[in-house]
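Chemist: First the structure, which I've put down as structure tokens, then a few questions once you've had a look.
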Amino acid sequence: METNKSKIDQLSPDLFQQRKAGEDEAEKIERPSLNFWQDAWIRLRKSKGAIVGIIITAIIMFFAIFGPSMNDHKFSDQNIRHAKLPPKIEALSGISWLPFDGKDADGFDVYESRQVEVNYWFGTDDLGRDLWTRTWSGTRISLYIGILAAIIDFIIGISYGGISAYYGGRVDDVMQRIIEILVGIPNLIVVILFILIFEPGIFSITMAMVITGWTGMARIVRGQVLQLKNQEFVLASRTLGASSNRLIFKHLLPNVMGPVIITTMFTVPAAIYTEAFLSFIGLGIAPPRASLGSLVNDGYRSIQSFPYMMFVPSVVISLIILSFNLMADGLRDALDPKMRK
Amino acid sequence: MVRYTIQRLVYMIITLLIIATATFFLMKLLPGSPLTNQERLSPEQQQIILDKYGLNDPLPVQYVKYMTGLAQGDLGLSFQYDNRPVTQIIGDRIGPSALLGFQAMVLGAILGILVGIIAAIKHNTWLDYGSTILAVLGISIPSFVFAALLQYYVGVKLEWLPVALWGEYKHTILPTLALTVGVVATIARFMRTEMLEILNSDYILLAKAKGISKVGTVVKHAVRNAMIPIVTILGPMTVAVMTGSLVVERIFAVPGLGEQFVLSINTNDYTVIMGITLFFSVLFIAVIFLVDILYGIIDPRIRLAGGKK
Amino acid sequence: MSKRILEVNNLHVSFNTHGGEVKAVRGVDFHLDKGETLAIVGESGSGKSVTTKALMRLIPNPPGFIKGGEIHFEGKDLAKLPEKQMEKIRGKDISMIFQDPMTSLNPTMTIGKQIMEPLVKHQNMNKNDARKRAIELLKLVGLPSPETRFKQYPHQFSGGQRQRVVIAIALACNPKILIADEPTTALDVTIQAQILELMKDLQTKIETSIIFITHDLGVVANVADRVAVMYGGQIVESGTVDEIFYDPRHPYTWGLIGSMPTTDTEGEAELVAIPGTPPDLLNPPKGDAFALRSEYAMKIDFEQEPPYYKVSDTHFVKSWLMHPSAPQVEPPEAVKVRHRKMPSNYAEPVLVEGVRA
């Protein structure tokens, strides 16, 4: 310490007047107080992955909603004369490494040779249907199935898990045995059997996934509630005479929400994947409707000569699954109380 | 431990019974019969065929016959392949699938564990970020997309490996890779999380305080403890590989179970669908059972406590 | 004066967090003599744990790092020693006991193996010798039937037994310094006493010096020779046990003593809590860190950091109250009751310049 003795000894006596810090000064909290969700939001914003995920999802949602009406082609309009045209976007056609110049795999300008005036942004399929419109209406269906499945899982899972854990005892025992047996059944098998019996369609595919899908959510909710049920703040509230409803809605549910939201976020991509998978083995949405999976399946048949037919929907479906995974990862990190600083 | 094992076994058998029953009755609900795909047959001929499959019996009789057949390992006859027992079809097809599945699991587990360990040790460095990004891509790209891309670039464009052939060992490379990606990514993510948690634990601090080197603490203390929970995801991983095999085998024309399954779905060959369904279920349940037991064996906390906590 | 074994000068430790640099330890000086027990006392977040982890270079990096200062041990500066050489010191010359015995043992490794590890590493023992020594150690820390215990896993031990095992590990190589980071906090009161007894007992047997971290002054009185009181990442007062208990000078120490229940607390005497919360070390307050919570604060406390004053050869206080111009203040009742005159005190507190305690 540089301060020398004489300097310290000669400090003005005035400085040694007593001065108590005011109540507010002593209790002043240096950092703003945040509730759980504000804090989680701040941490979520710091996660680059989650931000990328949110942006990709927003873009894809935008095109899923407005994409199909951005040009004049309907998703089922066939035009054999315009079949198998590669993608062409005027503004991007100058960039050689992008596949939007209207040339086929051999660098041959198909639009010029066939004298096609209109540009198909994502090209056309073997029946001359516009892939731009089909891709985005397929995205709609895929997203719809994914989100619907997640919502139904959410509702069943929360009720089942919540009831099982809250009532405990015999009820819990029986309900858990049922789950244990359901979990033992490989779910893809159930899904396939279900769809074989009911015609493939949006509803049957969603239901098929829900039949086994909710067990994961129910287990998580049950685990969380059991853990919370015996924690001091719940006991305290119960001691103070809170009603069952109040306990469930004010204390248990808000604290269970974190893991539940994360699980839901992971359910969406899983359902989208399963739907695409079913379409790919021929059990998906029936034509003329198309989901991303059935588009990939259609495109795969001509992958050797017209790879774009498969690439476009493949990229979109991979991006959807990726963005939901990124958001779910980010949320998990943001909601994990252990990470709170 | 013994009591726990027996309890698990009982559950396993109940589950199997339920699956078998459910498949049986679901199949009865299905439209179509062995007659659907046959050429026009006289009523007498139809009668002969229905007799052959036992379809003239009342439902309960059919059920009992089916279940007793199952108990003896008889899965019935295929609707499509004249007179061929389903068990024989499965037997013929199991080889390639087992080979691919085994290779994918082993390769995936080894790579995944290594990547997970490296990412955790190099936490918050470009190695960690890089492998994290690759892993999230790996779990996001559907296996059939990845398989098709592999086929297109390695097979069609570069012509390094055949597009879709089966026979030589090198033909297993692409399908194995396609199946492995998801396994590597899942295990790597899991391993990384486990390792990070363990590396921040008190006992690692104590190991360091003993003077054990960084490598020593990782190898002797962290990895072993992180591997134990990894065992639990072997079950889901098996399912993922089984699921993946349905599409991957189709893409690479592998004469395996998955390819047969998809084929049977498209030709309404119900007995084969049922047979393969049951076979997959048994496999899955057996893996889950083994994992549970294995977990108990390698984790002293469970092994010595006499049951799962 | 006995032989100095460890000397810490102006140690600074910081952590990089989202919010900025948290200065957890802000210029700490202390020393440790051979065979003595130094207690570091303070509330949670005062930097006592971080200080000792820094001694062993066990601060997780990133985010933590030793920002400056020296740690002299046997002619080496531990703050700058390469990691490889540091490994040879950890567990051999300096070892550590942690707060929570439930989590500080590897759950999937036998107790025996965990005790053998440092023996094999530092004393080049072969498996057989290490085994013998480990069983000896288990006996030493008072675990019955050590041969069977040797082969068991941590979950087969109770909390107190596990802490005994951790102590056995720490003492395996007869360390010169043993750092005990709140070793009894997580244990039942009865077990606490046993563990403290054991530590005192073992200290005389193997002649080690102990740094004992605690927030429990009652424990300090039992085990320590000297006490350092930490607040806000700094040592605010240090001295012999008698000096701290019977003639404390810093208002924070007064607060600690006032809030400590003892058997001779009269029925009337109330326990007094220290108001407020510890300072946020992300933005340490200007001047005296304790001023905000102190009844005895003066204007200068909010402007300048106080220097150290010497009350005796061994008693140091970092407070402006020691300044000749400061008003005479009355310590709280709890402190006055136990006050004793220290024969070795100087007539007046002396300002310490340059190197501090």
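The values are calculated or read from the model by the stated rules, or taken from the named source; none is laboratory data. Since this is a predicted model, take the numbers as computed values, not measurements. Every residue, glycine as well, gets a Cβ built from its backbone with ideal geometry; the counts of neighbours run over all protein chains shown.
Chemist: Considering only region B:138-163, state which residues are outside any loop (DSSP other than H, G, I, E, B), among the hydrophobic types (A, V, I, L, M, F, W, C) and crowded, with 18+ Cβ neighbours inside 10 Å. First the steps, then the outcome.
Modeler: Quick first cut of region B:138-163, residues outside any loop (DSSP other than H, G, I, E, B) only: B:138-140, B:143-157.
Cutting the leftovers down to among the hydrophobic types (A, V, I, L, M, F, W, C) gives us B:139, B:144-150, B:154, B:156.
Correct list: B:Ile139, B:Phe144, B:Val145, B:Phe146, B:Ala147, B:Ala148, B:Leu149, B:Leu150.
Chemist: Kindly list the number of the only condition in (1) over 19 Å from the mean Cα position of the chain (by Cα); (2) in contact (Cβ under 8 Å) with a residue 12 or more places away in the chain; (3) part of a loop (DSSP other than H, G, I, E, B); (4) away from chain B (no Cβ under 13 Å) that fails for C:Ala79.
Modeler: Among (1) over 19 Å from the mean Cα position of the chain (by Cα); (2) in contact (Cβ under 8 Å) with a residue 12 or more places away in the chain; (3) part of a loop (DSSP other than H, G, I, E, B); (4) away from chain B (no Cβ under 13 Å), the lone unmet condition for C:Ala79 is (1).
Chemist: Determine whether region C:320-337 contains at least one residue that is in a loop (DSSP other than H, G, I, E, B), in contact (Cβ under 8 Å) with a residue 24 or more places away in the chain, closer than 13 Å to C:Pro251 by Cα and in contact with a strand residue (DSSP E or B) (Cβ under 9 Å, 6 or more places away or on another chain).
Modeler: yes
Chemist: Kindly indicate whether B:Ser97 is within 14 Å of chain A (Cβ to nearest Cβ) and buried (at least 21 other Cβ atoms within 10 Å of the Cβ). Steps first, please.
Modeler: Working: within 14 Å of chain A (Cβ to nearest Cβ): no; buried (at least 21 other Cβ atoms within 10 Å of the Cβ): yes.
So B:Ser97 fails the test.
Chemist: Let me ask another. Being within 11 Å of chain B (Cβ to nearest Cβ), out of contact with any strand residue (DSSP E or B) (no Cβ under 7 Å at 6 or more places or on another chain) and within 15 Å of A:Ile141 (Cβ to Cβ) narrows it down to one residue among A:Pro307, A:Pro313, A:Pro288; which is it?
Modeler: Numbers: A:Pro307 fails: within 15 Å of A:Ile141 (Cβ to Cβ); A:Pro288 fails: within 11 Å of chain B (Cβ to nearest Cβ).
Exactly one residue qualifies, and that residue is A:Pro313.
Chemist: Something else: Quick one: B:Tyr203 ticks every box in (1) closer than 30 Å to C:Leu58 by Cβ; (2) among the aromatic types (Phe, Trp, Tyr); (3) more than 9 Å from every other protein chain (Cβ to nearest Cβ) except a single one, so which number is it?
Modeler: Against the list (1) closer than 30 Å to C:Leu58 by Cβ; (2) among the aromatic types (Phe, Trp, Tyr); (3) more than 9 Å from every other protein chain (Cβ to nearest Cβ), B:Tyr203 comes up short only on (3).
Chemist: Further, regarding this structure: Looking only at residues in region C:176-233 that are over 26 Å from C:Asp247 (Cβ atoms) and of a type in the set (Lys, Arg), which one is modelled with the highest pLDDT?
Modeler: So, considering only residues that are over 26 Å from C:Asp247 (Cβ atoms) and of a type in the set (Lys, Arg), the one modelled with the highest pLDDT is C:Lys176.
Chemist: If you don't mind, there's one more thing I want to ask. Restrict the check to region A:158-180 and report whether at least one residue is surrounded by fewer than 18 Cβ atoms within 10 Å (Cβ to Cβ), of a type in the set (S, T, N, Q), in a helix (DSSP H, G or I) and modelled with pLDDT of 80 or more.
Modeler: yes
Chemist: To continue, here is another question. Give me the pairs, please: first residue somewhere in region B:233-256 and closer than 15 Å to B:Phe102 by Cβ and more than 10 Å from chain A (Cβ to nearest Cβ), second residue anywhere and surrounded by 23 or more Cβ atoms within 10 Å (Cβ to Cβ) and aromatic (Phe, Trp, Tyr), beta-carbon distance under 9 Å, and either six or more positions apart or on two chains.
Modeler: B:Ser245/B:Phe261; B:Val248/B:Phe144; B:Val248/B:Phe146; B:Glu249/B:Phe261
Chemist: Touching a residue at least 60 places away in the same chain (Cβ under 8 Å) and within 11 Å of another protein chain (Cβ to nearest Cβ) - does that describe any residue in region C:142-154?
Modeler: No, there is no match, as no residue in region C:142-154 is touching a residue at least 60 places away in the same chain (Cβ under 8 Å) and within 11 Å of another protein chain (Cβ to nearest Cβ).
Chemist: Right, another one. Identify, from the list B:Asp74, B:Asp128, the residue that is surrounded by fewer than 21 Cβ atoms within 10 Å (Cβ to Cβ) and within 20 Å of B:Ala226 (Cα to Cα). Spell out the reasoning first.
Modeler: Working: B:Asp74 fails: within 20 Å of B:Ala226 (Cα to Cα).
Going through B:Asp74, B:Asp128 in turn, the sole match is B:Asp128.
Chemist: If B:Gly91 meets every condition in (1) surrounded by fewer than 14 Cβ atoms within 10 Å (Cβ to Cβ); (2) not in a helix (DSSP H, G or I) apart from one, which number is that one?
Modeler: Just one mismatch for B:Gly91, condition (2).
Chemist: What helices (runs of 4 or more DSSP H) lie completely within region A:244-341 and have 2 or more residues being surrounded by fewer than 20 Cβ atoms within 10 Å (Cβ to Cβ)?
Modeler: On the way: elements: A:253-280, A:292-301, A:308-335.
In region A:244-341, A:253-280, A:308-335 are the helices (runs of 4 or more DSSP H) which contain 2 or more residues that are surrounded by fewer than 20 Cβ atoms within 10 Å (Cβ to Cβ).
Chemist: Given the options C:Leu81, C:Leu6, C:Leu32, name the one that is over 30 Å from A:Asp39 (Cα atoms), touching a Lys or Arg at 6+ places or on another chain (Cβ under 8 Å) and buried (at least 20 other Cβ atoms within 10 Å of the Cβ).
Modeler: Details: C:Leu81 fails: buried (at least 20 other Cβ atoms within 10 Å of the Cβ); C:Leu6 fails: touching a Lys or Arg at 6+ places or on another chain (Cβ under 8 Å).
On inspection, the qualifying residue turns out to be C:Leu32.
Chemist: Is it true that C:Leu105 is assigned to a loop (DSSP other than H, G, I, E, B), at pLDDT 85 or above and hydrophobic (A, V, I, L, M, F, W, C)?
Modeler: Details: assigned to a loop (DSSP other than H, G, I, E, B): yes; at pLDDT 85 or above: yes; hydrophobic (A, V, I, L, M, F, W, C): yes.
Considered against the rule, which asks whether it is assigned to a loop (DSSP other than H, G, I, E, B), at pLDDT 85 or above and hydrophobic (A, V, I, L, M, F, W, C), C:Leu105 comes out as yes.
Chemist: While we're here: Taking the stated definitions as given, is C:Pro324 of a type outside the set (A, V, I, L, M) and in contact with a helix residue (DSSP H, G or I) (Cβ under 6 Å, 6 or more places away or on another chain)?
Modeler: In short, no.
Chemist: Just for region A:181-226: of the residues that are in a loop (DSSP other than H, G, I, E, B) and without any contact (Cβ under 8 Å) to a residue 24 or more places away in the chain, which one is farthest from the other protein chains (Cβ to nearest Cβ)? Break it down stepwise before answering.
Modeler: Within region A:181-226, the first condition is being in a loop (DSSP other than H, G, I, E, B), and the residues that meet it are A:184-186, A:198-201.
Then keep just the ones that are without any contact (Cβ under 8 Å) to a residue 24 or more places away in the chain; that gives A:184, A:186, A:198.
On the way: A:Gly184: 4, A:Pro186: 4, A:Phe198: 9 Å.
Ranking the qualifying residues of region A:181-226, first place goes to A:Phe198.
Chemist: Next question. Out of all the residues in region B:213-246, which are surrounded by 23 or more Cβ atoms within 10 Å (Cβ to Cβ), over 13 Å from the mean Cα position of the chain (by Cα) and among the hydrophobic types (A, V, I, L, M, F, W, C)?
Modeler: B:Ala222, B:Ala226
Chemist: Report yes if some residue within region B:113-126 is out of contact with any helix residue (DSSP H, G or I) (no Cβ under 6 Å at 6 or more places or on another chain) and within 13 Å of chain A (Cβ to nearest Cβ); otherwise report no.
Modeler: Yes, some residue in region B:113-126 is out of contact with any helix residue (DSSP H, G or I) (no Cβ under 6 Å at 6 or more places or on another chain) and within 13 Å of chain A (Cβ to nearest Cβ).
Chemist: Among the candidates B:Ile228, B:Ile302, which residue alone is in a helix (DSSP H, G or I), facing another protein chain (nearest Cβ under 9 Å) and of a type in the set (Val, Ile, Thr)?
Modeler: Working: B:Ile302 fails: facing another protein chain (nearest Cβ under 9 Å).
Just one listed residue meets the conditions, B:Ile228.
Chemist: Anything in region C:26-40 that is in a strand (DSSP E or B), under 22 Å from C:Glu74 (Cβ atoms) and more than 13 Å from every other protein chain (Cβ to nearest Cβ)? List them, or say none. Step through it out loud before you land on a result.
Modeler: Here is the first cut: in region C:26-40, the ones in a strand (DSSP E or B) are C:26-33, C:37-40.
From what is left, the residues that are under 22 Å from C:Glu74 (Cβ atoms) are C:28-33, C:37-38, C:40.
Answer for region C:26-40, where residues must be in a strand (DSSP E or B), under 22 Å from C:Glu74 (Cβ atoms) and more than 13 Å from every other protein chain (Cβ to nearest Cβ): C:Val28, C:Phe30, C:His31, C:Leu32, C:Asp33, C:Thr37, C:Leu38, C:Ile40.
Chemist: What about C:Val350, is it away from chain A (no Cβ under 12 Å), surrounded by 14 or more Cβ atoms within 10 Å (Cβ to Cβ) and either without any contact (Cβ under 8 Å) to a residue 40 or more places away in the chain or touching a strand residue (DSSP E or B) at 6+ places or on another chain (Cβ under 9 Å) (or both)?
Modeler: Values: away from chain A (no Cβ under 12 Å): no; surrounded by 14 or more Cβ atoms within 10 Å (Cβ to Cβ): yes; either without any contact (Cβ under 8 Å) to a residue 40 or more places away in the chain or touching a strand residue (DSSP E or B) at 6+ places or on another chain (Cβ under 9 Å) (or both): yes.
No: the conditions fail for C:Val350.
Chemist: Then there is this: Among the residues of region B:267-297 satisfying the criterion of being at the interface with chain A (Cβ under 10 Å from one of its Cβ atoms) and modelled with pLDDT under 80, which is surrounded by the most Cβ atoms within 10 Å (Cβ to Cβ)?
Modeler: Residue satisfying both the conditions and the ranking: B:Tyr270.
Chemist: Looking at the structure I just gave you, is B:Phe261 in a helix (DSSP H, G or I), crowded, with 23+ Cβ neighbours inside 10 Å and either within 12 Å of chain C (Cβ to nearest Cβ) or at pLDDT 85 or above (or both)?
Modeler: yes
Chemist: Mind checking which pairs have a first residue in region C:252-265 that is at pLDDT 70 or above and a second that is aromatic (Phe, Trp, Tyr) and in a loop (DSSP other than H, G, I, E, B), Cβ under 7 Å, 6 or more apart or different chains?
Modeler: C:Tyr252/C:Phe290
Chemist: Something else: Which ones in region C:52-67 are at pLDDT 85 or above and farther than 17 Å from C:Ile89 by Cα?
Modeler: Correct list: C:Phe65, C:Ile66, C:Lys67.
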